[in-house]
Each structure stands twice: as structure tokens, then as C-alpha cells.
Amino acid sequence: MTHTSSTDMRVQPKRPLLQRLAGACEPYLYSAPSLVLIATVMLVPLALGLSYAFRDVQILNPFSGGFIGLDHFRALSQDQAFYRALRNTLWWTGASVFLQFFFGLILALLLDKPFRGRGIAQALVFLPWAVPTFLTGLNWAWLFNPVIGPLPHWLFALGLLDEPGNILSDPQLAMWGPIVANVWWGIPFFAITLLAALQAIPRDLYEAAAIDGAGPFQRFRSITLPFLAPTIAITVLLRTVWISNFADLIIVMTNGGPADRTQIVASYIFTQAFKRLDFGYASAISMVLLVLLLVYSMLIVLLRQTMLNRD
Amino acid sequence: MTAKSMVLTVAHRLAILAYIVFALFPLFWLLKVSLTPNDLLYSEGVRMWPSRVSFDHFRFVVAHSDFPIFFRNSLIVAGSTAIVVTILASLSGYALSRFAFRAKYWIVALMLLTQMFPLVMLVAPIFKMLSPLGLTNSLTGLVIVYSAFNVPFATFLMQSFFDGIPKDLEEAAKIDGATQFTAFRQIILPLTLPGIAATIGFVFTAAWSELLFALMLISGNDAATFPVGLLSFVSKFSVDFGQMMAAGVLALIPACVFFFLIQRYLVQGLTAGAVKG
Amino acid sequence: MASIDIQDIRKSYGAVQVLHGVDLNIRDGEFIVLVGPSGCGKSTLLRMIAGLEEVTGGDIAIAGKRVNDLAPKDRDIAMVFQSYALYPHMSVAENMSYSLRLRKTPRERIQSAVSAAASKLGLDPLLERRPKALSGGQRQRVAMGRAIVRQPKAFLFDEPLSNLDARLREQMRAEIKKLHGDLGATSIYVTHDQIEAMTLADRIVAMHGGVVQQVGSPLDLYDRPANLFVAGFIGSPGMNFLSAHYVPGENGASVRLGDGTLIALPQKYTLAADEPVTVGIRPEHVELSDADGTGVDAGVELIEPTGFGTILHLTHHGLPFKVFTVDRTHLNAGPAVKVSFPPGHLHLFDGEGDRVTS
Ligand SMILES: Nc1ncnc2c1ncn2[C@@H]1O[C@H](COP(=O)(O)OP(=O)(O)O)[C@@H](O)[C@H]1O
Ligand SMILES: [Mg+2]
């Protein structure tokens, strides 16, 4: 038997400092590569971009680069195109999110019911999500093109259009083009998330409610909706931010035109940077956009707080 | 079956069918036009299927255009991004899943924030940063940028896969004589293989689709990715619809392949912060 | 094989302290069972010995060497998990040999160690299977096999049988005991099942609320529980407790129940007159007779036949207690019976709940 007294246990030195340090460092070692990459490719440019907002940075002008204070913001406050882009962003985001959510929810409810061939049906209706966005944009632009696409002819035949023209070049209707493309592409996102939430609802709740005499509509209102509410809230809120910044479809389909009628803030930023190579002005708009998004997030947090307090 | 439930069932199937038609019609049209010979393209207008199909457009696109180069570039960029991101995200996802450490909260917050903020505002500064390094007009530059954009989402995705593996397993491995890292490599990673494949699929799809940064950073044909090449083709030869759509069908192929691979993991992918939102 | 010495071990999760200073000296080759209700800190203690949890305070030594800061892999112990924690992507043989492969043991040695362990546990025909293709009992054996191939200094078991059905559990319990007899390795076994504790242990460590309540041989704990917790936890059906007051007398002492009934004690104790106490008696020690016999009146509330014996739920003036008897005639007991409490089997606990010994 090797009983040890407390005294000779104390003789052992404490674990060396280095070794303890290594133990504490381990999670940081695992996450360091990702963090370094995020910092250099996202945080540094973010800071750099914020500084551009106060400088004159134009790629084509070698004498640019000087500090100009709030000039960009003054110009921005006079920029009618920017105000139009803000209004368009609201319209684009509101319509896209609402339609995606509405049709996504219906699709999720349809798919929640077991039926033969559900797996394959699900794969087919979710397929648009996998279609690259640039292709989605081109594809719908072609569908709206009266030369090779059927849509103008159908809309004309239905009496919705006066002539089989391209709605993408009609200032009144152009925004509908990217919105339709966006809805087509985004329905699966909502359907998938909502379907997952639906399938997490315990089945016996429905059975219990049915035994208690609740009709289908009552069951939907008293079981399904309350269960879905948190998922709906979070996906709609996050999706709103995401779609308001989603410029790919617009850049591919209309490039902001005709006459800036489809320009949203994100595509306006891209146009300033990409077409006009005015990085300073683009960064100033970015900064305003960032502030608006921060305000939106704060509002959501506040809303959440008041809702939590009310319970 | 009562008459009422019969009607409901039929309505249900019809609704599903309507969704399927809506989802597939644009892709069908893409394929249809790409197979329609030029001489029928305008004369047959909105017919559902041309009276004669030909593969001329595909032949042209593959043999006489730059699309094979674009395709190769996109494959390289998307493939490398997927691999780089999956390696980094495995490590950081593991840290988030298995360790309780002080900065964890801040790391999660940072990664969530990067999912929220408008990447388009980084277009200009990133261009400015990469151009003195010679990383504009280069596939490497794109891989670096895309990797950074996809790491946060992939980290959350990998974390959710690691969370699904019982902690007991690596504790058993540690008692068997493994270090934390050996346990990670020999026990946890092999068990996460399906998750790793799914992450590769998600990141590949995202990188394959990226447009804005590719447009900004790439100017020559040599380093153009598929979206950039297709868009410049569209603006230059905007009447060669058959060829454009044949190129579009080609761009669709890898996306579809990966889609069917990652189908089972869509829910996990979208809730992890979502590739495309 | 080695001794394990635990001194004043403490563990806190944030502000919550779950172990409040545990001392324990485990001899070389001893089979120790940590027993206690769920949540009392048994697993935490075991995992600290294994090196899976950081030590908040105190010292752990294995074979005389302080191991507080050693990684699990450097402690040379083996552990069997409740979930078995078999590696799903490895065959049974690979599972069992993993620790040896990590140690770069020569292939022939690995093979002979694995086949020796496999034949000891009857796993020979299963060596190429994956854990998925095994039954619960077989998985349990593989987990044991994984532990024994390496001949570690000590075995740790964390509720290894609680995922098995009752019959298999009984069988594996016996096998573990036999295995310990063969290998003679120091073992620490965690369970919440007092039968497992009683049947397996050389010494039982009864824990409650992060504090060791009593350490002793199984029969020690059964015959001389140190306090109300141990008295109530060990034994099934559990000991009866009756609140009473101490009554010293001329020739011997007794206790008085609430209704005034006097129960004789075997000896006098150094307690003040009228001090509140608790008397305990195990159901199997209560003597039962017909209503016209001698003893205290009791009403029969419920009769539970177990086949082996009968459990009677009785009340005495509203005071519930149980009696266990192997005598089947009592199955037809009337509404009232007489019970008596043999003084030799009474346990006396003071106001603090501690056993009164003198
Ligand atoms: N990681 C942890 N964080 C916080 N509390 C814990 C943790 N692990 C265990 N506990 C708490 O410590 C106590 C003891 O747990 P445990 O040792 O698992 O009990 P048991 O005796 O059932 O094995 C429990 O109250 C449990 O809630
Ligand atoms: Mg436990």
C-alpha cells in the first residue's frame, strides 16, 4: 500500500505556468485562423471604408485621396437619386419579404402533410434556392424579354399589359421584375425554415386538440401559429436586413434602370464604386446604410424587450 | 374517403403541382431556348417545345468561347474556397462546440454581426486593399475574400454538427491516451464527415454564385469566373440568346449537383446563418 | 494498480459548489463504490479523478503521485461510461485496441491483449463488428474490454449498468465482480443503485449533497448507518423512521412516540430526558403478529406481495411504516395487526440526524 501524506503531495510543484497557459489558449488556437481571416478581410476594410467616407477617393483621379470632411455627406443630402434609392429599397424589401414569406408559409403547410412522393416534390420546389443568383436574374430577364420569353405575351393575353413589351424597361413596372425573380428564388428559404419549425410541433398536440373538438382552422390558430411565431419573427427580421442589401438581381436584371427606377441603396453603392469608381462617395452612402441598419436592429431589440416585459 | 376529404386531397396535390411548375418553369425555359436552333428561335416564339432541337449552342459555347475557362476558374475558386473554409470552420466550430472560454460570447457576436452587415459596402475598400498586393484580377484574391465571407456561417454549421456528437466519445479517447487534438482528428472528425461534406456543398454553392466582388475585382477574361464571363457575354452579344442560355445551363449543373448532395442538411444550413441569407 | 488518495477535494461551477471537501483513501486493489442520489456529485468526483474536470481545490494522488494537473492520458486510468462511448466508426477490435495503438504498442502485443480481453468477456465472435451492430449488453462488454486491455492503474465506472434491463444488469454485476476478483485492480464504481453498491463494494462511500456521509463496508452501512440519510438510502424497502422523545428509565431506556406509546431501547444513551430523537427500524426487522398477539396496534393499509416476500404498509395512530416479511400467511392479514420492535434492531438518531452510539 502506498499511502501518501499530505506533506509530500505539496512537494510536487504547481503545474508550470506555460502549460497552464497552453491549456487556456487551446480554444483560441482553434478559432484563431478564422478570426484572423475575418478581421483582415472584413473588419479592416470596414474601418478603411469608414475613413473613405471622409476622403476624396477616386480611382481614376491620381490626385484624389485628401481629407474632405463632411463634403460627401453634404452632397448626399442633396442627392435625389439617393432618396429615390431609399424609397425603392423600402418597396423592394417590403414586397419581396412579404411575398416570399406568404408563399413560403403556404408551401411549408402543404409539405407538412405526408403524401406519396413528398421527398421528390420537396427537392423540386426547393431547387430554385440552389440556382446561382446571377443566373436567376438573367433567367428572369430573359423570361420578361418579349423576343424570347413568354411572359410579356401571356400578360398581354391576360390583359395585364397593353402591349407585349418588356416590363424591365417600363419605369412604372420595372421593379416588379427583380421582385418576382427574388420571390421565385427566396420562397424555398422561408419554406425550409418554416417546415422545420412545423415538424418540431409535437403531433399529439394536434390529436389532443382534434379530440377536444377543434376544427382545422382553430388548430392552426391555437397550435400552429403560436409555435411558429418565434421562428417567423426571427426569420422575417433577419431576412429583411438581408434582402434590403441584396443587390445581385437588380444589377443583373436592370442595373438600377430605367431612370434609376429600380436602384436600391445597395445597388447604388455598387454602381458608385464599380461604374464611377468613386470609392469615397460609395463609402459615404455605405456609412449611412450602416447607420440605418443599426437603427433598425436597435428597434428590433427594443421591440423584443417590450414584448418580453409584457409577458 | 368522404367527398369533402377527396376534394381537399385533390386541392392539396394541385397546389403542390402549381408550386413545382412555378419552380421549374424558368429552368425549363432556359433549357428549351438553349436547345432551339437559331432559325426557329424567333419564328416559333412562345411555343413550349421547338419543332427541332439542336446542340449547336452548347457545341459553340464549349468549343469556341471562353466559357470553358470561366467554368474552370469558377471551379477552382469555389472548390478552393470550400476546402479552405471547411478546414477553418471545422477548427473554430469545434472551439465553439467544445470549449467554454471567455471570448466565446464575443466571437459568436462578431460572427453573427458579419452575417448581418451589407457586404456590398466592402467592395471599394477591399479593392483598394488587394490591388497593391496584386490580388485583384487573381483567383487567389477571390478565394481569400470568399473564404472570409463564408467562414462565419460555416463555423455555425460545423458547430451544429459537432454539437450532435456526444462529448463522451472524446472523453473516452482522452482517457484512452489521446490529446484533445488527437481526439478531434481521430474520433470527432471522422464522425463529422457527412457534416463536412454538407459544409463543403454549402460553401461551394455560395462561392459559385458570388457576383459583385468578382465583377469588381476581376477585369480580364483570364481570371473571370462564370458569372462575370456570362454577364460580359450578355452585354457584348446580347442577341445570341441560344448561346447565353446554353452557358446558363452549364452554370446550373454544378449548383444542382451540390444541391442534391446537401439536400438533407438544408435546414441545418439555413438555420446556421444561411449561405445566401 | 495503485492506491488513490483524495484530500479535501472541492468543485465549483461558477458560484455553485457541488463538492464540499471530500477525503478518501483508496487502497491498492480495492473496489470502492460511490453511491448516492442523482445530482449528489458522484460523477463529478469520478471525472475529477479521471482528469476530465478541473479540480477547484484539494489534491488527488494516484500511486502517491499528485495528478491534479495531469491530462487524463497521463494518469493511466481506464473508464467505463454510462453511454459506453464506443467509437462508432471503429470495429470492436479497433475500439479495444485504440488506447494501445495511441501508445504505439507493437502489433503482436496489441493482438494478444485484445484477444485475451475478448475471450475473457466472450467477445471473440464480435471482434469485426461495429458497435451499431451490437446489443446493449454486448456494447457494455466492449466498453469493459476497452478498459481492461491496457491494464491501467485503476478502473473508473460511471453507472455502467444503468442502460441495461434488470436481468442483464444482474448478470453483468456478477461478471464485474468476478472480473475484479481476477484482475484485482483498484476500481471506483459510481451508481445510484444501492443494491449494486451493496453487492459489489469492498467499501461503500455514501454521498449526499456533495458531502461524504459514511465510508464503510456494505454491512457496516447496513447495520450501523451513520446518519438518517445513509439509513434511509441503503436497504429496500427503506428503513422506517419514527419521531420520538428519549425517556431514560430505572433499568434501561425507551422512546415515547407522539401518542405516548413507549418502545424499549437496548441500552441507555447519554441523551437528556425528553430530547427529540428519531428511531429507525428496517421493515424486515419489525415483528408481526395477529390482532390478538402482543405489541403495538397497527392498521393495515396496503399489502404488496413481491413473490419472495410481502411488504405491508401499516399505520400506527396515523404514523405510516412498512413491514417486510417472507411469511405468506400475512398476505391475508386482517384490518388490524400487532407489531413489535426488537430493541436489538433499533437505530437511534439525534436531533441532528446523526447516529447515537452511546
Ligand atoms: N458542467 C456543469 N455545470 C454546472 N453544474 C454542473 C455541471 N456538471 C454537473 N453539475 C451539477 O453538479 C451536481 C453534481 O452532478 P453529478 O456529479 O453529475 O451528479 P451525480 O451524482 O448524479 O453523478 C449536479 O447538481 C449538477 O447539476
Ligand atoms: Mg452521474
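Of all the residues in the range A:156-171, those that are open to solvent by 30 Å² or more (accessible area, probe 1.4 Å) and free of Cβ contacts under 8 Å to residues at least 12 places away in the same chain number 7.
The residues of the range B:214-227 that are open to solvent by 10 Å² or more (accessible area, probe 1.4 Å) and in a helix (DSSP H, G or I), listed by number, are B:215, B:216.
Residue-wise test of (1) away from chain A (no Cβ under 14 Å); (2) surrounded by fewer than 19 Cβ atoms within 10 Å (Cβ to Cβ); (3) more than 24 Å from residue B:257 (Cα to Cα).
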| position | (1), (2), (3) |
| --- | --- |
| B:14 | no, yes, yes |
| B:34 | no, no, no |
| B:59 | yes, yes, no |
| B:64 | yes, yes, yes |
| B:83 | no, yes, no |
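Condition check ((1) at pLDDT 95 or above; (2) farther than 30 Å from residue B:193 by Cα) across all residues:
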{"position": "C:31", "(1), (2)": "yes, yes"}
{"position": "C:40", "(1), (2)": "no, yes"}
{"position": "C:67", "(1), (2)": "no, yes"}
{"position": "C:71", "(1), (2)": "no, no"}
{"position": "C:82", "(1), (2)": "no, no"}
{"position": "C:85", "(1), (2)": "no, no"}
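I'd like to check something: does the range A:266-280 contain any residue that is of a type in the set (A, V, I, L, M) and more than 10 Å from every other protein chain (Cβ to nearest Cβ)? For the range A:266-280, residues of a type in the set (A, V, I, L, M) and more than 10 Å from every other protein chain (Cβ to nearest Cβ): absent. Scanning the range C:41-53 for residues that are more than 9 Å from every other protein chain (Cβ to nearest Cβ) and out of contact with any helix residue (DSSP H, G or I) (no Cβ under 6 Å at 6 or more places or on another chain), we see that the one that is farthest from ligand 1 (Cβ to nearest atom) is C:49.
Taking the range B:85-137 as the range and being open to solvent by less than 20 Å² (accessible area, probe 1.4 Å) and part of a loop (DSSP other than H, G, I, E, B) as the test, only B:118 passes.
When the range C:132-148 is filtered for residues that are surrounded by fewer than 22 Cβ atoms within 10 Å (Cβ to Cβ) and of a type in the set (S, T, N, Q), the ones remaining, listed by number, are C:135, C:138. Restricted to the range A:27-45, and to residues there that are buried (at least 18 other Cβ atoms within 10 Å of the Cβ) and of a type in the set (A, V, I, L, M, F, W, C), the residue that is nearest to the other protein chains (Cβ to nearest Cβ) is A:41. If we scan the range C:159-167, do we find a residue that is more than 16 Å from ligand 1 (Cβ to nearest atom) and part of a strand (DSSP E or B)? The answer is no, given that none of the residues of the range C:159-167 is more than 16 Å from ligand 1 (Cβ to nearest atom) and part of a strand (DSSP E or B). Number of residues in the range C:54-96 that are more than 16 Å from ligand 1 (Cβ to nearest atom) and outside any loop (DSSP other than H, G, I, E, B) equals 15.
Can you find a residue in the range C:169-187 that is at pLDDT 95 or above and either over 22 Å from residue C:75 (Cβ atoms) or within 16 Å of ligand 1 (Cβ to nearest atom) (or both)? Within the range C:169-187 (the criterion being at pLDDT 95 or above and either over 22 Å from residue C:75 (Cβ atoms) or within 16 Å of ligand 1 (Cβ to nearest atom) (or both)), the answer is no, since none of the residues qualifies. From the list A:291, A:236, A:252, the lone residue that is open to solvent by 10 Å² or more (accessible area, probe 1.4 Å) and in contact with a Gly (Cβ under 6 Å, 6 or more places away or on another chain) is A:252. Within the range C:188-210, if we keep just the residues that are within 12 Å of ligand 1 (Cβ to nearest atom), open to solvent by less than 20 Å² (accessible area, probe 1.4 Å) and over 8 Å from the mean Cα position of the chain (by Cα), the residue that is farthest from residue C:167 (Cα to Cα) turns out to be C:210. I'd like to check something: does the range A:59-70 contain any residue that is in contact (Cβ under 8 Å) with a residue 24 or more places away in the chain, open to solvent by 50 Å² or more (accessible area, probe 1.4 Å) and part of a helix (DSSP H, G or I)? Scanning the range A:59-70 turns up no residue that is in contact (Cβ under 8 Å) with a residue 24 or more places away in the chain, open to solvent by 50 Å² or more (accessible area, probe 1.4 Å) and part of a helix (DSSP H, G or I). Could you go through the range C:211-231 and let me know if any residue there is within 16 Å of ligand 1 (Cβ to nearest atom) and open to solvent by less than 10 Å² (accessible area, probe 1.4 Å). Yes, some residue in the range C:211-231 is within 16 Å of ligand 1 (Cβ to nearest atom) and open to solvent by less than 10 Å² (accessible area, probe 1.4 Å). Looking at the structure I just gave you, is residue C:299 within 28 Å of the chain's Cα centre (by Cα), over 14 Å from residue C:238 (Cα atoms) and open to solvent by less than 30 Å² (accessible area, probe 1.4 Å)? Taking the combined requirement at face value, the residue does not satisfy it. Total residues in the range C:149-174 satisfying the condition of being surrounded by fewer than 22 Cβ atoms within 10 Å (Cβ to Cβ), without any contact (Cβ under 8 Å) to a residue 60 or more places away in the chain and within 17 Å of the chain's Cα centre (by Cα): the figure is 6.
This table checks each residue for (1) in contact with an Asp or Glu (Cβ under 9 Å, 6 or more places away or on another chain); (2) in contact (Cβ under 8 Å) with a residue 24 or more places away in the chain; (3) facing chain A (nearest Cβ under 9 Å).
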| residue | (1), (2), (3) |
| --- | --- |
| B:109 | no, no, no |
| B:113 | no, no, no |
| B:139 | no, yes, no |
| B:142 | yes, yes, no |
| B:151 | no, yes, yes |
| B:161 | no, yes, no |
| B:165 | no, yes, no |
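Residue C:274 falls short on exactly one of the conditions (1) surrounded by fewer than 17 Cβ atoms within 10 Å (Cβ to Cβ); (2) closer than 22 Å to residue C:37 by Cα, and that condition is (2).
The values are calculated or read from the model by the stated rules, or taken from the named source; none is laboratory data. Worth saying up front: this structure is predicted, and the values here are computed from it rather than measured. Every residue, glycine among them, receives a Cβ derived from its backbone with ideal geometry; neighbour counts consider all protein chains shown. Note: areas computed on protein heavy atoms with side chains; ligands, DNA, RNA excluded. Shrake-Rupley method; radii C 1.70, N 1.55, O 1.52, S 1.80 Å.
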